[in-house]
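Reviewing the structure listed below.
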Amino acid sequence: MRVLAVGNLMHRDFATAIARIRESAELCVADSADEFVGRLRNRSERYDLALAFISRPGELPDDFGQRMISAAPLVGRALLLGTWCEGDERNGRPWADVERVFWHRFEAWWQANLDRVGHRQLCSWHSGFCESAQGVGRPVKSTNAGVFVVRSPDWQAIETVATLLNQAGYATGAWKTGQPMPVVRPLAGGIWIGGQLVGKTRDEFVQFASGVRQFGGATLVAAVDFPRIEDSQFVESFAGRVIAKPWRRSDLLNALQHYRLATDSSISLYRRQVA
């Protein structure tokens, strides 16, 4: 697969994405918007995906999305957005028919589309369809054993995640914020749902992550508001992974599948709640 890219590829928000693309595709880079469009129009060059990197609004011309489509209407197209682009859809000028992917969702999005390429299926980046509309995302069909502890100050959030995990074949336990961690074994991992990783919230995450590791959990996922690259790096220091709120089903299940899970065939599916 060949990917033609343009934009601020050197920004730190995109470092992981660039490395991941180079692992699984041929990455070609244009130095400017004009060169990018010219190479798309050049029929002697074939690309499967046209990918623009924007770390801040305004880095590429407002008409760039339409120029991309006009140059090569049959080439897949997507826009990878950095932290400073959160909320830019409200400015009334999002590019039509170009899929938008935020940096913290790249891994799940990329892997899901690679799977579709392998099965000769339409990718989410074709025709500008978004991932939610296409249903892109690998379903987790698992014989997993062990328990995922879910922690949040909101009981409804715990219930929502627990229901999703149960449907995917995982057992769950609840750890309400402000209460001691329940003793559950074998512990497959933990899912922490909170706000931004600052102050008291950051301390609560450290407590949770330490508890998960203490009980042998192999997987750690943190769902946070408007994650920054610093948040991702902080969670990764605990061998965990960040997803953004509001999270999507595919985001969470792909995050769980990204890591090796603890297994024990003697554990059957059950729900455990801590009042």
*asked:* Take the residues in the range 1-40 that are under 22 Å from the mean Cα position of the chain (by Cα), assigned to a loop (DSSP other than H, G, I, E, B) and among the hydrophobic types (A, V, I, L, M, F, W, C); name whichever of them is modelled with the lowest pLDDT.
replied: M1
*Please work out which one of (1) at pLDDT 85 or above; (2) part of a helix (DSSP H, G or I); (3) surrounded by fewer than 13 Cβ atoms within 10 Å (Cβ to Cβ) is the condition R90 fails and give its number.*
(1)
*Is there any pair linking a residue in the range 229-253 that is in contact (Cβ under 8 Å) with a residue 40 or more places away in the chain to one that is surrounded by fewer than 17 Cβ atoms within 10 Å (Cβ to Cβ) and assigned to a helix (DSSP H, G or I), with Cβ under 6 Å and at least six apart or on different chains, and which?*
I229/R12
*Within the range 1-38, which residues are closer than 20 Å to C123 by Cβ and of a type in the set (D, E, K, R)?*
R2, R20, R22, E23, E26
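Yes or no, residue by residue, for (1) at pLDDT below 85; (2) of a type outside the set (D, E, K, R); (3) assigned to a loop (DSSP other than H, G, I, E, B); (4) farther than 30 Å from L81 by Cα:
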| position | (1), (2), (3), (4) |
| --- | --- |
| P182 | yes, yes, yes, yes |
| G189 | yes, yes, no, no |
| Q196 | yes, yes, yes, no |
| F208 | yes, yes, no, no |
| V212 | yes, yes, no, yes |
| G217 | yes, yes, yes, yes |
| A222 | no, yes, no, no |
| P227 | yes, yes, yes, no |
| F234 | no, yes, no, no |
*asked:* Among the residues of the range 75-84, are any aliphatic (A, V, I, L, M), at pLDDT 85 or above and in a helix (DSSP H, G or I)?
replied: no
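The values are calculated or read from the model by the stated rules, or taken from the named source; none is laboratory data. This one's a predicted model, so the numbers in the text were calculated from it and none came from an experiment. Every residue, glycine as well, gets a Cβ built from its backbone with ideal geometry; the counts of neighbours run over all protein chains shown.
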